[in-house]
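First the structure, in the form of structure tokens, and then the observations on it.
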Amino acid sequence: MAAMVPLLLRLVACLCFCFCGALAAPAFLRPPLTHSLSHSPDDYYVTKQPFWFSQRLDHFASQDRRAFPQRYYHFQSFFDRPHSGPIFLRICGEGTCSGISNDYLVVLAKQFGAAIVCLEHRYYGESSPFKELTTDNLKYLSSKQALFDLASFRNFYQDLVNKQFNRTTGEDNPWFVFGVSYPGALSAWFRLKFPHLVRGSLASSGVVLAVHNYTAFDEQVAASAGPACASALREVTRRVDIELASNPVKIKSLFGAEQLKNDGDFRYLLADAAAEAFQYGNPDILCLPLVAAHTPGQDVVDAYAEFVKTFFFGTFGASPQGYNQEYLKLTKSGPDSGDRQWWYQVCTEVAYFQVAPSKNSIRSPGVDEKYHLDLCANVFGNGTYPEVDITNLYYGGSGITATNIFFTNGSQDPWRHASKQKSSPGEPAIIMTCHNCGHGSDLRGCPQSPFQIQGDATKCAKPNEVHKARQQIAEFIHMLLHKGETTFTL
């Protein structure tokens, strides 16, 4: 193995440090970490002051009145017209919600004089109804319950604002809902199911299409990598599979993942490490050293192992533990837990099984449907199965039909094929196209990890792509504020 970390990895590593609680969040839609030595940690959030709201446990059982405390945050520094100004509801998703992030939504709030509120998702962070996350206790964890949480909270906070400003008559403030990734899907679904409660929605990289065998994910990784990098990644996969058959302990130790006894878990980790580079806008950190090592006299597997340990584990903050099925079986709830909960949602509602395509796959063919279904049964019990068809029937998938939902995606993001990418009446959609435009670039800037203060887009390969999307989002909000409904098109 090379004695020195490639220069590009060293430069990035020295600029970053691990921050947020979701360090071992499951692969899938892991929120990007907040890193940067150029800013104080206080700059990452506009507020970290928590408040609590009593939330109903089961919205669908009329006789069940159990409740649990759900954490939320609010920020009113720009709320200069409390009797008529907008309220931006930011949705937190599959991880701990530590405050209101200082990303581009804060810029929009200042522009429109909006308050920002943010509700932690049930079962994540400090908003868990149970101390033990047994499979039976997880039965109240679903997108449908989460949407009713948001609706109940929306009405609670509107009443709070009315009392705060002594308002007894008049219409509610205009509400807008925002989310990135799974919260982006919740944002679209909230407007779909509760149009009377919210004026409009931004579904940034919103994964509204549940997919059983999501082969398009790996195909997009290959396309984003380009021929040379994709070829190097395939060579890594081929050689690792050979080593797993002959000396699994040695090859896992090379990557610092010897605790993964299940070969499928290890294969999944290696595939996910590469995908994260494109998902969160860091393609060169992966591809430049890897392509350089894919030459005679160099060792491409060693180079990839260095990337995994230095960037994926070190800088990005991932951990082999998040891929370990034995760890996923642990039922203890905690403020930083998230892995088991998200896998439960995957195994019951949305799947997104990132299986290897039949041809030209980046990931090992061992990462197949059986691996995922076996994981679901092993972790949550026999009979656990994702009801993908029911989810898409309920929400509409990528054919979702509603009004006032704005969809955005980044060209390099493997998740964009589970989103809505083409505009339709009442549902404008835009793809930001650039070398490092990934997951949530409109709100997060580039790269999407480490965190960019106020969604700084200057490091995007084509900043104008993001600026154009942001201008259209602002026009969309402006039209809805003045007209209520819009036929906004792109």
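Laboratory data are not the source of any read-out in this text; all were calculated from the coordinates shown. No experiment lies behind these values; they were computed from the predicted model shown. As a convention, Cβ positions derive from the backbone with ideal geometry for all residues, glycine included, and neighbour counts pool all protein chains shown.
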What is the helix-to-structure angle for 463-483, meaning the angle in degrees between its Cα long axis and the longest Cα principal axis of the chain, kept from 0 to 90 and rounded to the nearest 10?
20 degrees
Mean Cα-pair separation over length for the stretch 310-444, i.e. relative contact order, pairs under 8 Å, 6 or more apart, %:
16 percent
Quick one: which residues, 5+ away or cross-chain, put their amide H under 5 Å from the amide H of Trp175? H built at 1.01 Å from N.
Ile87, Arg199
Under the helix-only model (-39500 (n - 2.57) for each DSSP H run of 4 or more, divided by the residues of the chain), the mean residue ellipticity at 222 nm, to 500 deg cm²/dmol, is -11500 deg cm²/dmol
Using only alpha carbon pairs under 8 Å that are at least six residues apart, calculate the relative contact order of the stretch 190-322 and give it in whole percent.
26 percent
Rounded to the nearest 0.05, what FRET efficiency is calculated for Lys359 and Ser77 with R0 set to 60 Å and r the Cβ-Cβ distance?
0.65
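Can you compute the FRET efficiency between Lys110 and Asn262 using 1/(1 + (r/R0)^6), with r the Cβ-Cβ distance and R0 = 35 Å? Round to the nearest 0.05. Kindly include the intermediate steps, with their values, before the conclusion.
On the way: r = 48 Å, r/R0 = 1.38.
Taking R0 as 35 Å, the efficiency between Lys110 and Asn262 is 0.15.
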Work out, step by step, the length gained on full extension between Glu326 and Lys131: first 0.36 nm times the residue separation, then minus their alpha carbon distance; give nm to one decimal.
68.3 nm
Amide H contacts under 5 Å for Leu57, placed H, 5+ residues apart
Arg66, Ala67, Phe68
Relative to the chain, whose Cα atoms define the longest principal axis, helix 369-380 and its Cα axis are tilted in degrees, nearest 10, by 60 degrees
How large is ³J(HN,Hα) for each residue in the stretch 354-359, as worked out from phi by the Karplus curve 6.51 cos²θ - 1.76 cosθ + 1.60 (θ = phi - 60°), to whole Hz, x for Gly and Pro?
7, 7, 6, x, 6, 10
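Sequence gap at least 6, Cα distance under 8 Å: using those rules, report the relative contact order of the chain to the nearest whole percent.
Numbers: 1032 pairs, mean separation 99.7, N = 490.
Computed over the chain, the figure is 20 percent.
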For Asn378, put the label point 7 Å out on the Cα→Cβ axis and report which residues of the stretch 228-263 keep their amide N under 20 Å from it.
240-263
For the stretch 194-339, rounded, prolate or oblate, judged on the Cα gyration tensor with a ≥ b ≥ c (square roots of eigenvalues), a/c < 1.5 rounded, else prolate if a/b > b/c?
oblate
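If we count chymotrypsin sites (Phe, Trp or Tyr not before Pro) as exposed when they sit in a DSSP loop and have at most 14 other beta carbons within 10 Å, what is the longest stretch of the chain that avoids them all? Provide the component values of the computation, followed by the final result.
Working: sites that count: Phe60, Phe165.
For chymotrypsin sites (Phe, Trp or Tyr not before Pro) (loop position, at most 14 other Cβ atoms within 10 Å), the longest site-free span of the chain is 166-490.
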What whole-number distance in Å separates the alpha-carbon centres of the stretch 45-107 and the stretch 341-364?
30 Å
Please enumerate, by chain and number, the lysines with C-alpha under 30 Å from the C-alpha of Lys250, excluding those fewer than 8 residues away in the same chain.
Lys261, Lys309, Lys329, Lys359, Lys370
Gain upon complete extension [Glu235, Phe165; 0.36 nm per residue less C-alpha separation]
18.9 nm
On a 0 to 90° scale, report how tilted helix 283-293 is relative to the longest principal axis of the chain, with both axes built from alpha carbons and the result rounded to the nearest 10.
0 degrees
Unit-weight point scatterers at every alpha-carbon of the stretch 310-369, Debye formula, q = 0.17, 0.20, 0.21 1/Å: log10 I(q)/I(0) is -0.80, -1.01, -1.06
Is the shape of the stretch 374-465 best called rounded, prolate or oblate, per the rule: a/c under 1.5 gives rounded, else a/b larger than b/c gives prolate, else oblate, with a ≥ b ≥ c the square roots of the Cα gyration tensor eigenvalues?
oblate
